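Structure, as structure tokens:
The values are calculated or read from the model by the stated rules, or taken from the named source; none is laboratory data. Because the structure is a prediction, the values reported are computed rather than measured. Ideal geometry is used to build each Cβ from the backbone, glycine not excepted, and the neighbour counts take in all protein chains shown. Only protein heavy atoms, including side chains, enter the accessible area calculation; ligands, DNA and RNA are left aside. Shrake-Rupley method; radii C 1.70, N 1.55, O 1.52, S 1.80 Å.
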Amino acid sequence: MASTNDPFQFQEFEEAGNLLEANRDATTISIEDEAIQTENQRKSGGLTAGGDDDEDPLAYDDKSELLSGQKKSVPFWTFEYYQQFFDIETHHVKERIIGSVLPWPGKNFIQVYLRRNPDLYGPFWICTTLVFAIAISGNISNFLVHLGKPHYKYTPEFGKVTIAATAIFSYAWLVPLALWGFLLWRNNKIMNLVSYSFMEIVCVYGYSLSIYIPAVVLWILPYQWLRWTSIVVALCLSGSVLMMTFWPAVRDDHPKVIIAVMSAIVVFNALLAVGCKAYFFSNPQPDLPPNSTAIEVQPSS
Amino acid sequence: MAAAEEASKPFAGLSDVSISEDIPVEGDISVPVGSSRRDDEFSTLDEPVKETILRDLRAVGNKFVHVLYPKRSSALLRDWDLWGPLLLCVTLALLLQGGAADSDDQGGPQFAEVFVIVWFGSIIITLNSKLLGGTISFFQSLCVLGYCIMPLTVAMVVCRIVLMGGSGAVSFAVRLAVVTVSFGWSTFASTAFLADSQPPNRKALVVYPVFLFYFVIGWMILTFSPSQ
């Protein structure tokens, strides 16, 4: 009996699919239909919206389905829930890093690279790499500046790793959280066509930090002009990636809100870069022996 | 119909079996001796303590040899233990003491910091490889990552010996060479064991965190400077 049931079910599905294909405008409430609608919404909201949307919608849907993989809704305490954020391959990570380093006008990072498949691999390891890169290159630059000075005694300054980790991880999590909350609130007030999920925002922020890794390594060389140039270059690149990504999300909003959001994004980015440079590459005074400084400083002050 | 009835009462047929008295019942009904003897062989209840400890030490030593010659064998993966990683981690953390950390607050890594970096680092790398879809188990991965610190621990011993001679440019060059070689060795050895468990298009994603992990440990060893 059970074997005769199967063909019936299969035909039923096929029939529904045919119906959906035949009259696309009919208001059938199904998950696939919703997915197509949101996809069209995203596509029309993005800057890359082209004519191919109308020409071959099914092909696009197929492609996006294949790329995004199967999205099962699993509860957040299971291992599989987190596995979906690591469903990524080497060439995806390469493309995303390159996409975050080289902003191209009209290329929205979330819509071009993430395609509804935000990952946590890139943000996490980019942040970790940046933490150690800042701590280590700050230490090396300190050593190079004081090289040859008689009273300088080299120390690894390992405590800087903790401070760098706190600064960078809080930037990469708290700013997206605030931005996500703000966009959610604005979305309730004004219907925006584009809305980003929290993971997508975290992903963009994580990848936008990748340009700072080579910049921080450049800061080893003790030339102030080089450091400021690399800060400005990195700031322009990562700032423009962030701006272009969040532009569609706030485009329909009030001009004041647009300016506020965009300037907040850039200011926080600049704050992180300049703060890191000021704190980790400040080259403090060479360590004099503690006894002599205490004797010399106290009478004068 | 008969078959269905039989299925509903699985042992119904057995009740009909009767052994007529004229057929002699024969057979060996003793408990199989061979298997119990094999159990005795593996039983460790009545062996001397020395043998127990030596067997464990031999297993640990055997894994050290596997790290030194990272050929693709599954011995390091099959029976994992965390004794070796603990031993190596404690040795490394102890050797990193007595440096600038004692005199300066902004000094080298403290004992606890080394411990946290080694253990949390390997746990995070393991979680990362599991999340990426690796087929290796959690403790197997911890075991491999822990055992592969060995070249770096050896480098730490060499560095301390070199530092006794002095801390000039030559000593730094020697230490740099030693740490670089052992860092490469550690990464290569752990990759030989870990990368096989991954699909080929994700290998680089698993290897990179391992590389970063050993790089940071190598950095800690290289920057160790004893207090004068």
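Quick rundown of the values:
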| read-out | value |
| --- | --- |
| The stretch A:143-164 - residue that is within 11 Å of chain B (Cβ to nearest Cβ) and under 30 Å from the mean Cα position of the chain (by Cα) and, of those, nearest to A:His91 (Cα to Cα) | A:Val161 |
| Filter pass, B:Ala101 being modelled with pLDDT under 90, out of contact with any strand residue (DSSP E or B) (no Cβ under 9 Å at 6 or more places or on another chain) and more than 30 Å from A:Asp119 (Cα to Cα) | yes |
| Answer residue from the stretch B:212-228, given it is facing another protein chain (nearest Cβ under 10 Å) and open to solvent by 20 Å² or more (accessible area, probe 1.4 Å) and is modelled with the highest pLDDT among those | B:Phe215 |
| The stretch A:110-139: number of residues that are of a type in the set (A, V, I, L, M, F, W, C) and either assigned to a loop (DSSP other than H, G, I, E, B) or more than 30 Å from A:Ala278 (Cα to Cα) (or both) | 4 |
| Single match in B:Val179, B:Val116 (criterion: of a type in the set (A, V, I, L, M), at pLDDT 85 or above and surrounded by fewer than 18 Cβ atoms within 10 Å (Cβ to Cβ)) | B:Val116 |
| Flag if B:Ser197 is open to solvent by less than 50 Å² (accessible area, probe 1.4 Å) and in contact with a Phe, Trp or Tyr (Cβ under 9 Å, 6 or more places away or on another chain) | no |
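Yes/no per residue for (1) within 17 Å of B:Arg202 (Cβ to Cβ); (2) basic (Lys, Arg); (3) modelled with pLDDT of 85 or more:
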residue: A:Lys63; (1), (2), (3): no, yes, no
residue: A:Arg96; (1), (2), (3): yes, yes, yes
residue: A:Gly106; (1), (2), (3): no, no, no
residue: A:Asn117; (1), (2), (3): yes, no, no
